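Everything on this sheet refers to the single structure shown next.
The values are calculated or read from the model by the stated rules, or taken from the named source; none is laboratory data. Here the structure is a predicted model, which means the values were calculated and not measured. With ideal geometry, Cβ positions are generated from the backbone for all residues, glycine too; neighbour counts draw on all protein chains shown. Heads up: the accessible areas ignore ligands, DNA and RNA and are worked out on the full protein's heavy atoms, side chains in. Shrake-Rupley method; radii C 1.70, N 1.55, O 1.52, S 1.80 Å.
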Amino acid sequence: MRTTVILTAAATAAGYILVGLPAQAEEAAPGSLRLMTVSPSAVLDSDRQNNVNLTIGAYLAADRAPFEVRLNRRSYHEPITATQVIRHGGEVTQRRLPNGLVNDFTGFPDMVRTTVTDAKGKKVVDQSTAFCPNTYEPSRLRPDAPTRSGYPTACPEGPAKAFALGTVLGVEGGWAANVQDGGYVAPVKLPPGKYTAKVEIAKKYRDLFGIAGGAKTVKLTVKRQDPRGRSAEQRARSRVPVGGHMAHWLRVQGKGDELAKRPPADVAKPKAAPPKGAGRAPATGPRPDLRSLPAFNIVVQRIAPDPKKPKVKRDYLTFAATVWNGGTSPLVVDGFRRPGKDTMDAYQYFFDAKGNEVGHARTGDFQWDPRPGHIHWHFLDFANYSLTDAARKHVVKSQKESFCLANTDAVDYTIPYAKWRPSNTDLSTACGSQWSASIREVLEVGSGDTYDQYLPGQAFDLTGIRNGTYHIKVTANPVRRLHELDTGNNVSYRKVVIGGTAGKRTVTVPPVGLVKETPPPASPRPPQLGP
C-alpha cells in the first residue's frame, strides 16, 4: 500500500511543510543515495599537538530525490521515533524506521566509519561517528539541481538539544552533505606524514537506506599548520559547541562590540515610522504560540554579587531556559524609536495563511541596553523566571524580564509551518544597533530563544533558602501583551532538590522522563548578555 500526502500552501523555500504524515507504507523504495569523494587525495593541517580535523571530502549524495528523515517524540517520557519521508514527483510517502535507530536529535549514531593507516600500513585511526545531514554548506552536484537546499543548516546542538521535540534531517535532491563535518566530529591525532584513509557507511545504514558507493579511499598528506594560527580550513569550520545567547557571547569575544552593533540582517525590515493608531489583532487567523521548555543546565555557583567585592561570594542556583514558538505564524515584533529617546514603541504584526500582513497591535516597548556584552535592543516582558516551593508557591523571582528575540535553537521542525532555515539566529542579526530608528525581532515557528541565568539577580540567591524540594518556573508572555493561540501552555516547572550548607550548597536535578542532559559547563561561566 502506498499513501499520499498533499502539501499545503505553507510549503515554501524555507523547507518542506507537511500537514500530517500518511499511514505507514508497507513498502517504500529507498532514495538514490551513494557515498562519494571529491578527490583521490587531500592535504590536512595539524596543530602543535598533532590534532587534525579528518574532513577528507567524503559526501553522502542524493542524486535524484531528496533524502529526508523526521525525528519526533510525543513526550519526554517516550523514545524518539524516526520516519523516512520519500518524495517522488508529486507523491509523498513515508515509512517508519526501526525503533532505537536514534537516541537524540543530533543525527544517525555510528553511521560513518573512518580508518587511517600510516605509510607502513599500520592502522592509526579507527573511529565510528554520527552523521548529521544538515550541514551548513551542502554541495550542489549538477546545474539542474534545485538552486538551494531547503533543509535545516544544523542538527540541534548545545545543552538545549536535550529538550528538543522534533527535527528534520535531510539532503536536497541533486545535493550532497559532508559525512565528516568538522563541527560535529572530534579531531584525531596524526603527526605530519603520509597516510591512507578509508571511509564507509555502516552496513545497517547501507541496507536501511539503499546507499550505494561502497568504501572510498583517499591519500592524505598531513602538514604542520602555519605557526601564526589556524589554517583557513580550520577557521572556516570553527563552530561554537553551545547554543542560545551564550554562543553569541563566545563569538564576539576579542572582536570588540562591532559584531553586536551590526544592524539586523532580516530582509523584511520595518519602516522608520510607526503605523498610524494602536491597531488591533484580527479576530481570527494564524498566530504564534509561545511555549516554555523545562529549565536545564542547572547547577549551584559561588558568585560575587558585587564586582567591587570579589571575595564576598554567595551560592546561586543558575539555569538556562528556552521559550519557543509552536504556533501557525511567526512572532513578529517591530520597534519604532521615540524621537530623541532610547526607547521604542513595540507593535506585533499579524499575517494570513499566505503570509500577507493583515494587521498590527501595540504591544509593549523596546529599550536600548548599552552595557558591554549587550549593545542591542531588548523587548520587555517576553518571559520571566521564578523559584517556587514544593507546592509551587512563589519563593523568589529572577530580575531577567527583557530579551533580544533570536532563533537560537531548533525545538520542533516537524510541526506544520515550521521554518527550517531561520535568518536571525543570534544577536548580531536580530537586535539592532544604537543608531536604529526601527528594528524587527522575530521568533519563527519551530524555533526557540534560549538564555542562561547566572548573574546575581538573574540566578536565584540561595541565601536564606531552606533545603528541600523546589521548582524552577518558566513563564512565557507573563503579562499577556503578546497575542497568541494558547496561553495554557506558557508555563513549565522543573523540579530541583536543594541541600548542603552555606558556602557549599548543592542541587539535585531529577530527570524529565527519558531525557539525558549534557553536563553543565564548569564554573566560572562567561558573563550573561541580559537582562
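Laid out as a table, the results:
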read-out: Hits in segment 262-278 (condition: under 29 Å from Pro478 (Cα atoms), at pLDDT below 50 and surrounded by fewer than 21 Cβ atoms within 10 Å (Cβ to Cβ)); value: Pro263, Ala265, Asp266
read-out: One residue from Ser386, Ser436 being closer than 27 Å to Arg505 by Cα and either touching a residue at least 40 places away in the same chain (Cβ under 8 Å) or in a strand (DSSP E or B) (or both); value: Ser386
read-out: Strands (runs of 3 or more DSSP E) contained in segment 48-111 and holding at least 2 residues out of contact with any Phe, Trp or Tyr (no Cβ under 8 Å at 6 or more places or on another chain) and modelled with pLDDT under 95; value: 81-88, 91-96
read-out: Count of residues meeting criterion [within 21 Å of the chain's Cα centre (by Cα) and either surrounded by fewer than 15 Cβ atoms within 10 Å (Cβ to Cβ) or over 21 Å from Thr508 (Cα atoms) (or both)] in segment 452-476; value: 2
read-out: Any hit, segment 71-79, residues being over 25 Å from Thr450 (Cα atoms) and surrounded by fewer than 17 Cβ atoms within 10 Å (Cβ to Cβ); value: no
read-out: Any chance Val185 is open to solvent by less than 30 Å² (accessible area, probe 1.4 Å), assigned to a strand (DSSP E or B) and either touching a helix residue (DSSP H, G or I) at 6+ places or on another chain (Cβ under 6 Å) or modelled with pLDDT of 65 or more (or both); value: no
read-out: Members of segment 370-395 that are modelled with pLDDT under 90, touching a strand residue (DSSP E or B) at 6+ places or on another chain (Cβ under 7 Å) and surrounded by fewer than 19 Cβ atoms within 10 Å (Cβ to Cβ); value: Leu380, Asp381
read-out: Qualifying residue in segment 131-153 (condition: touching a residue at least 60 places away in the same chain (Cβ under 8 Å), in contact with a helix residue (DSSP H, G or I) (Cβ under 9 Å, 6 or more places away or on another chain) and in a strand (DSSP E or B)); value: yes
read-out: Residues satisfying the stated conditions in segment 154-182, i.e. open to solvent by less than 30 Å² (accessible area, probe 1.4 Å), part of a loop (DSSP other than H, G, I, E, B) and not aliphatic (A, V, I, L, M); value: Cys155, Pro156, Gly158, Glu172, Gly173, Gly174, Gln180, Asp181, Gly182
read-out: Members of segment 477-510 found to be open to solvent by less than 20 Å² (accessible area, probe 1.4 Å) and part of a loop (DSSP other than H, G, I, E, B), listed by number; value: Asn477, Leu482, Asn490
read-out: Selection count, segment 279-302, where residues are at pLDDT 90 or above and not in a loop (DSSP other than H, G, I, E, B); value: 10
read-out: Segment 281-304 residues that are farther than 16 Å from Val512 by Cα and open to solvent by 10 Å² or more (accessible area, probe 1.4 Å), paired with ones that are of a type in the set (Lys, Arg) and in a strand (DSSP E or B) (beta carbon under 6 Å, 6 or more apart); value: Val300/Arg505
read-out: Qualifying positions in segment 199-221 - assigned to a strand (DSSP E or B) and open to solvent by less than 80 Å² (accessible area, probe 1.4 Å); value: Val199, Glu200, Ile201, Ile211, Ala212, Lys216, Val218, Leu220, Thr221
read-out: Any hit, segment 331-341, residues being closer than 29 Å to Arg73 by Cα and in contact with a Lys or Arg (Cβ under 8 Å, 6 or more places away or on another chain); value: yes
read-out: Members of segment 113-130 that are in contact (Cβ under 8 Å) with a residue 60 or more places away in the chain and either in contact with a Cys (Cβ under 7 Å, 6 or more places away or on another chain) or not in a loop (DSSP other than H, G, I, E, B) (or both); value: Arg113, Thr114, Thr115, Val116, Thr117, Asp118, Val124, Val125, Gln127, Ser128
read-out: Subset of segment 96-125 [closer than 13 Å to Val185 by Cα and open to solvent by 60 Å² or more (accessible area, probe 1.4 Å)]; value: Asp110, Arg113
read-out: Residues being farther than 27 Å from Asp412 by Cα and touching a Phe, Trp or Tyr at 6+ places or on another chain (Cβ under 7 Å) - total across segment 120-157; value: 2
read-out: Long-range neighbours under 6 Å by Cβ, at least six apart or interchain, first residue open to solvent by 40 Å² or more (accessible area, probe 1.4 Å) within segment 324-351, second not in a strand (DSSP E or B); value: Thr328/Pro286; Thr328/Tyr417; Arg337/Ala437
